[in-house]
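Before any comments, here is the structure.
The values are calculated or read from the model by the stated rules, or taken from the named source; none is laboratory data. Keep in mind the model is a prediction, meaning the values are calculated, not measured. Note that each Cβ is placed from the backbone with ideal geometry, even for glycine, and that neighbours are counted across all protein chains shown. Note: areas computed on protein heavy atoms with side chains; ligands, DNA, RNA excluded. Shrake-Rupley method; radii C 1.70, N 1.55, O 1.52, S 1.80 Å.
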Amino acid sequence: MRRAPRIAPEAAMADLRPAAVVQAAAALLWLPQAALLAFAVGGIAAGQGAADMLMPAAAVAGFGILRALLDAAGSRLAFRMARQRLSALRANALEALARRSPLDAARPPSGLAASVVVEQAEAVVPHLARFQPARWRAAVVPLAILVAVLPVSWTAALILAAAAPLIPLFMALVGWRAKAVSAAQLVELGSLNGALLDRLRGLATLRTLGAVDAAACRLRAEAESLRRRTMAVLRIAFLSSAVLELFSALGVAMVAVYVGFSLLGVIDFGHWGQPLDLGRGLFILLLAPAFFEPLRELAAAWHERAAGEAALSALAALGAAGPQIQGSDAGAAPAPAGAPAVRLEAVRLRHAGQAEAVFDGLSLHIAAGEHVALLAPSGGGKSSLLALIAGLVAADAGGILIGGEPLTQESAARLRARMAHIAQRPHIFAGTLAGNVRLGRPEVDLAAARRALGAARLDAVAAARGAAPIGEGGHGLSGGEALRLAVARLAAAPHAGLILADEPTAHLDGATAREVADALFRLARGRTLILATHDPALAARAHRIIRLSPGLKEAAA
Amino acid sequence: MSPRMAALAAILRLFLAERRGALIGGALLAALTALAGAGLLALSGWFITASALAGLSAAAIAFDVFMPAAGIRLLALTRTAGRYGERLVTHDATLAVLARLRERLFRGWAAPEAAGRLAGQPARLLFRLTLDIDALDALYLRVLVPLAAALSVGLGASLLIGLVDGTTALAFALFVLAAGLGLPALAVRAARRPARRRAHGLEVLRARVIDAVSGQTELLMAGRLAGQREACAAADRALAAADDALNRIETRLAAALAVSGALLLAAMLVAGAGLSARAAIDAPMAALLLLLALAAFEPFAALRRGASELGRAVIAARRTAPRLAPPLLPPPPAMPAPGLAVRLEAATFVYPGTAGPALAAVDLAVADGERLALVGASGAGKSTLLAAIAGEMSPAAGRLAAVGGTLLTQRTTLFRDSLRDNLRLAAPEADDRRLRDALAAAGLDAFVAALPRGLDTRLGEAGVGLSGGQARRLALARLFLRDTPLWLLDEPTEGLDGATARDVLARLCARAGPRTLVIATHLRREAAVAGRILRVDGGRIAGAARRGEPGFARALDALRPD
């Protein structure tokens, strides 16, 4: 069993290191800027005029511009890396989803898969682009500032260093806060949007029950109660972040007090022989908030981390282990024409999580060009048998031969190119009706698609719809039209010698069902047809009827 | 006013109507917090410079350290407490406004015309709705609150400088407003197109992912699944290009704001030195002005996120605004003459946006207590006729009269709510005894009794799963709670196995009693309970047969057996 390659978070961090280094360098440019500002004020106090300030001012501006550009370059770099990672993660998730067997009951439904791959995955970018560099800055910048302050005043450095053991405490506070905030947010978003969408999906029912007003009031009441609960969590969460801010203000204030009293001459210690003057004092004061700034930035980015990591694990979960399709999903060159025989030998299939096997030791032989109906009640294993023949799931034991060639991982894609499949509820793709017939197959051009639509008696519908989109994003087709579309797809695949049809008329009214069946048998002439149905009238039109019963050992032919 | 601004104004009015005090209070608190932060830095600079000068002279003893020190403490506490209050108030107000917005949007979508659009493309519209609510969430927190903070600090700093020197203050104010507001405005403009491309790109990617997952079998059998994955990758590349354009704009805005801040700082350094040399101010004041310039521009940096959020919020506002107007409900159908449950006279029904009528000049009279089956190919107009009788559509021509009816839709919709609340949608005042009675009539009492939490069991994603038959029975119990004289049933046993279907039908008929029933169907078992079968074809009534007439048996035979 293969698994989609997962991208380790460590690798993502390694990619982001250059961006983090550039952004940290930009943050460190505040050191020379602060020094220039501090000593310029010292100059003003000493009576220097505007002309004397031109050089320091130009340097302050220059460093500022350089800092802005470096920071921009770093954040662009980080964004590009993170966005590329998102593309790779999406591609991996889709590849893993494509490999999962349609018979896998744990395979996520399309709505869930789309919301993970499209919306939730977006959280990966801020997580990587903001949180990771912020973490780097938090590790580097405070240390560099400490090194810059130490030569000026060991006491100020000591005060900041004394605040350093508080940092783990900060981080604990931050983590606590972030956890609470993100939990609150998840609850809030999940249930509020979910409740609204849920009620909107059932709008027709609510309208006919006269319950629109009641549902609106209930939505409001739910949102209000959620607001109260969320605020109870936020009150604590915000309090902890206020504590964090108070701590950092306290650190700055202690430095300021020390500097102020040193300058007043009240305190005379903490320097290396040369007492603090205005320039040095201001320099230390300007650096003190910058010492704590990266920690506050990290705290701000923390909830992006929670959302990002939730997205990463949701993406990984899409590719969870389970039944897989056989062979590659890339398709293969059109195979030799002609109707193949199908042979199953002692096949065994058991669905994951179920004790009873669907089939055990099932053998059957269908001759080339033969039309066979598999007759069984719902849940009798008809669809599973068709899926086995199509390589949509692998048998646990036994062998399947299509046209004499064993169905294996290597041959599956090539053998599938010899088959066509009609599903009970065909999926309608976003796009035009003709596009729905072509399905992007290069060998089916627009003219062929039009002919196929005609063969399925959909030409009138196609003329009425024209280039208007159907499927997701457009208006759908009726059940009968959808089945006729499936027939048109079949008509556009003349090289497919084996037709697998899975209850093609189950949900149709009598007239449409007859029409679809007629078209199916007309197109199946000269090809092998395996038709799963619980409709005895439809089954009677086949050359042979095979009755399946649940858990059967051998088919009665 | 441009349509963009009009839509935004409509949303803002809704915001203000809901929590005017809290929204304005939150913005004021944000302003106070930002002012305290700027004041703290400026006062600290003044204090240290003044201390240094005092330390040099003999005035050290006389220098009053307590007033400025107390000021610094006050500002630090104000900033911390202000930020806490701001966060609480703004989040509370936003949550309250969004609660109201969700309710309003729901009512807006419940209007028949909007509901029709929603039913046509539910996935896409619901996806948009989720994105739009999130975008509007950011409008106040990320755009308006930072804007209030930045503007008040810019103006406050200008006023303070104005006390010292008018010309410097004017130049300062002009620069701060021009750069601090002009640059984000430019970014908002530039972000408009990529924001639209991004919104479109998300929808395309979503549609292709849904196709790749839902259409997996079709694509795999056509050898096109890898091709579909490539199509998804192409959609992601287009989305990445829009994302990249937006990030470039945001990064450039941040850099331009930072460069402006550096230039302002440098200019203030020169100006402060000049003023000090002319003895217009002393050195501590020069330090104060310099640090004020440093602090005053800081809040504008927070507008970088807001500039990109505003584009999304405008798109969201334009899409949601039409749903915020109070919906126009069609008048309920008139009452028919005594003895009749439904009366249609040359009634024509047209779906908005379609060329031909769905039902053309239909004449129909259904007597009180009659059981009528509507048959015909799918798309013939059976469901339209049911919807019309239920009062969902008004006739474009002709007349419609019907007693109050309840429609059992083809798809069973259960809500993510408790079993009890799912039932009580149909009868809000019903007590548990009545609910159990309805469940028993639908044949679901034993199942519910076996549930550990009984009627409190939650249904839906996080709750218990029901089989198709159980869900249908629950929908039936809900119908039983509706005491209307007319029940409209759209394929009530479709998708059920024969035994379950016959049991459901028997219970339905027993419970219906003297009610009028109209059943749309293509199944023989469902039509067999009717006293009259009406064939609908191409939006017209093509034939009718009463029980006992030879046509009745023929009509039944044309339908699908179990």
Condition first: of a type in the set (K, R) and at pLDDT below 80. Now tell me which residues in the range A:193-212 satisfy that. A:R201
Looking only at helices (runs of 4 or more DSSP H) that fall completely inside the range A:429-537, which ones have 1 or more residues that are open to solvent by 40 Å² or more (accessible area, probe 1.4 Å) and modelled with pLDDT of 85 or more? A:433-438, A:446-455, A:479-491, A:510-523
Might you let me know whether the range A:230-246 holds any residue that is β-branched (V, I, T) and either crowded, with 19+ Cβ neighbours inside 10 Å or not assigned by TED's automatic domain parsing to the domain that holds A:R137 (or both)? yes
Residue ID - farthest from the chain's Cα centre (by Cα), chosen from residues in the range A:277-294 that are open to solvent by 20 Å² or more (accessible area, probe 1.4 Å) and within 9 Å of chain B (Cβ to nearest Cβ): A:D277
Restricting the range A:319-334 to residues that are surrounded by fewer than 21 Cβ atoms within 10 Å (Cβ to Cβ) and among the hydrophobic types (A, V, I, L, M, F, W, C), the one nearest to the chain's Cα centre (by Cα) turns out to be A:A320
From the list B:A207, B:A191, pick out the single residue that is open to solvent by less than 10 Å² (accessible area, probe 1.4 Å) and in a helix (DSSP H, G or I). B:A191
Considering only residues that are without any contact (Cβ under 8 Å) to a residue 60 or more places away in the chain, more than 7 Å from chain B (Cβ to nearest Cβ) and open to solvent by 40 Å² or more (accessible area, probe 1.4 Å), which ones fall in the range A:85-100? none
Could you tell me how many of the residues in the range B:41-68 are open to solvent by 20 Å² or more (accessible area, probe 1.4 Å) and touching a residue at least 60 places away in the same chain (Cβ under 8 Å)? 4
Got a sec? Which helices (runs of 4 or more DSSP H) wholly within the range B:253-370 have at least 2 residues that are open to solvent by 40 Å² or more (accessible area, probe 1.4 Å) and of a type in the set (D, E, K, R)? B:303-324
Which condition does B:I389 not pass, out of (1) closer than 20 Å to A:A211 by Cβ; (2) facing chain A (nearest Cβ under 10 Å); (3) buried (at least 23 other Cβ atoms within 10 Å of the Cβ), if it passes all the others? (2)
Of all residues in the range B:544-562, how many are under 19 Å from B:S378 (Cβ atoms) and surrounded by 15 or more Cβ atoms within 10 Å (Cβ to Cβ)? 5
Please find, among A:G260, A:G265, the residue that is within 12 Å of chain B (Cβ to nearest Cβ), surrounded by 23 or more Cβ atoms within 10 Å (Cβ to Cβ) and closer than 30 Å to A:G42 by Cβ. A:G260
Look at the range B:234-245 and say how many of its residues are open to solvent by 30 Å² or more (accessible area, probe 1.4 Å) and either in contact with an Asp or Glu (Cβ under 9 Å, 6 or more places away or on another chain) or of a type in the set (A, V, I, L, M) (or both). 3
Take B:R197 and tell me if it is away from chain A (no Cβ under 13 Å) and either aromatic (F, W, Y) or open to solvent by 30 Å² or more (accessible area, probe 1.4 Å) (or both). yes
Per the list (1) open to solvent by 50 Å² or more (accessible area, probe 1.4 Å); (2) in a helix (DSSP H, G or I), residue check on B:R472 breaks on (1)
(1) at the interface with chain B (Cβ under 8 Å from one of its Cβ atoms); (2) in a loop (DSSP other than H, G, I, E, B) all hold for A:L103 apart from (1)
Have a look at B:A178, B:A171, B:A150 and point out the one that is within 35 Å of the chain's Cα centre (by Cα) and either buried (at least 20 other Cβ atoms within 10 Å of the Cβ) or among the aliphatic types (A, V, I, L, M) (or both). B:A150
On the given criteria, is B:T94 within 12 Å of another protein chain (Cβ to nearest Cβ) and either without any contact (Cβ under 8 Å) to a residue 24 or more places away in the chain or under 13 Å from the mean Cα position of the chain (by Cα) (or both)? no
Is there any pair with a first residue in the range A:251-267 that is assigned by TED's automatic domain parsing to the domain that holds A:P142 and aliphatic (A, V, I, L, M) and a second that is surrounded by 24 or more Cβ atoms within 10 Å (Cβ to Cβ) and at pLDDT below 80 whose Cβ atoms are under 7 Å apart and which are 6 or more apart or on different chains, and what are they? none
Residue check, A:Q120 against (1) touching a helix residue (DSSP H, G or I) at 6+ places or on another chain (Cβ under 8 Å); (2) surrounded by fewer than 20 Cβ atoms within 10 Å (Cβ to Cβ); (3) outside any helix (DSSP H, G or I); (4) not aromatic (F, W, Y), all met but one. Which one? (3)
Is it the case, given these coordinates, that A:L485 is among the hydrophobic types (A, V, I, L, M, F, W, C), farther than 24 Å from B:G381 by Cα, in the same structural domain as A:A513 (by TED's automatic domain parsing) and within 34 Å of the chain's Cα centre (by Cα)? no
Return a yes/no flag: does the range A:241-255 have any residue that is assigned to a helix (DSSP H, G or I), at the interface with chain B (Cβ under 10 Å from one of its Cβ atoms) and more than 23 Å from B:G37 (Cα to Cα). no
State whether one or more residues within the range B:189-209 are acidic (D, E) and closer than 24 Å to B:A7 by Cα. yes
